Amino acid sequence: LLEFYLGEEGALVMLDRVIERCCGEINHPYTARRNAVLMLPYPHITQQDFGRVNDGGPTLDFSTARHPLAHATSARLSAERWFVEETVRRSAGLHLRHVHLLGVYWMFETVYRSWDVDDHWLLKELRPELIRHGLKFLWIPYWSAYNVHLLDNYQKYYFDLAFLQPNYMFYREGKSVDAAAAAAKERNAGIEMEYYLELDEPIAVMGERHERFRAYLDGGVEHGYMTGAACAHFHGTGALQRMWNHPDPAEREFYDDIYR
């Protein structure tokens, strides 16, 4: 993953090159440099042999099968610190002109604590490391009463910026865009907007995706998150590029609306 993001032919280098090419066509870029946020892998508790992050150090075991919870959580933190340090070191060596590494994104969509996992302590101890490196910490939790509760004061303990994921695109029985926007605004969180061209899984509202994405777009105007909040997007791999030259004019219209 580090090589994919930060290798000599990795994603950030490719993005930097594309922006360089576009600079001759775009007279007024939004900013001098574009921010990038990289996914921070979740140290799953089923991993019993992560490997060594220091020469001569122990092999990291994230599980409680052979160790107490505190030991397992400390091992998970060591792996996360190593990944952050490698990210910072590699990105500095790329000498990017148009891309700025803003921070990392915690990919797990909730925060667990139980007999064999303690994400709360891990996140609390990891955030100072990110602050030390000048990185922001982002999160996109799915809609649930527990996650919304965690958003009540998320900036005080874990994350610098969070986006509420309404799941309106995928579930018939769920919260509306209106309810999600109100909950996010109350907690100073952004909104994730969801869309896809196709998915290989049975979704009850598959035939309503145009109508539901239009509700997301209209909600941005009605509730103010189009201009007054940070927005994250779920589109699926390659979706935007395919929408740009899609034979269905509705898909091309959505491409333009996403841009606007």
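The values are calculated or read from the model by the stated rules, or taken from the named source; none is laboratory data. Because the structure is a prediction, the values reported are computed rather than measured. Neighbour counts run over all protein chains shown; Cβ positions are idealised from the backbone, glycine included. Surface areas here come from the heavy atoms of the whole protein model, side chains and all, with no ligands, DNA or RNA. Shrake-Rupley method; radii C 1.70, N 1.55, O 1.52, S 1.80 Å.
Computed values, structure above
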read-out	value
Heavy atoms of residue 233: accessible area, 1.4 Å probe, square angstrom to 10	80
Percent carbon-and-sulfur accessible area, the chain, ignoring ligands, DNA and RNA, probe 1.4 Å	53
Whole-number accessible area per residue in Å² for the chain, which is evaluated in the context of all protein chains at 1.4 Å	57
Nearest-10 value in Å² for the accessible area of residue 100, using the 1.4 Å probe	70
Accessible heavy-atom area order of 248, 16, highest first, probe of 1.4 Å	248, 16
About the Cα centre, charge dipole magnitude for the chain (Lys/Arg +1, Asp/Glu -1 at Cβ), debye	800
Solvent-accessible surface (1.4 angstrom probe) belonging to residue 121, in square angstrom, nearest 10	90
Under 13 Å, Cβ to Cβ, from residue 12 - net charge with Lys/Arg +1 and Asp/Glu -1	0
Translational diffusion coefficient (Stokes-Einstein; Kirkwood radius from C-alpha pairs) of segment 1-131 at 4 °C, 1.567 mPa s, in µm²/s	78
Semi-axes of the equivalent ellipsoid for the chain, Cα gyration tensor, largest first, Å	33, 25, 18
Partner lysines for residue 156 [C-alpha distance under 22 Å; skip if fewer than 8 residues away on the same chain]	124, 136, 185
Order of exposure, largest accessible area first, which applies to 84, 37, 53 with probe 1.4 Å	37, 53, 84
The chain: relative contact order in percent, alpha carbon pairs under 8 Å with at least 6 residues between	13
Rounded Å value of the spacing that divides the Cα centres of segment 148-202 and segment 8-73	23
Probe 1.4 Å, all protein chains present, accessible-area order of 252, 97, largest first	97, 252
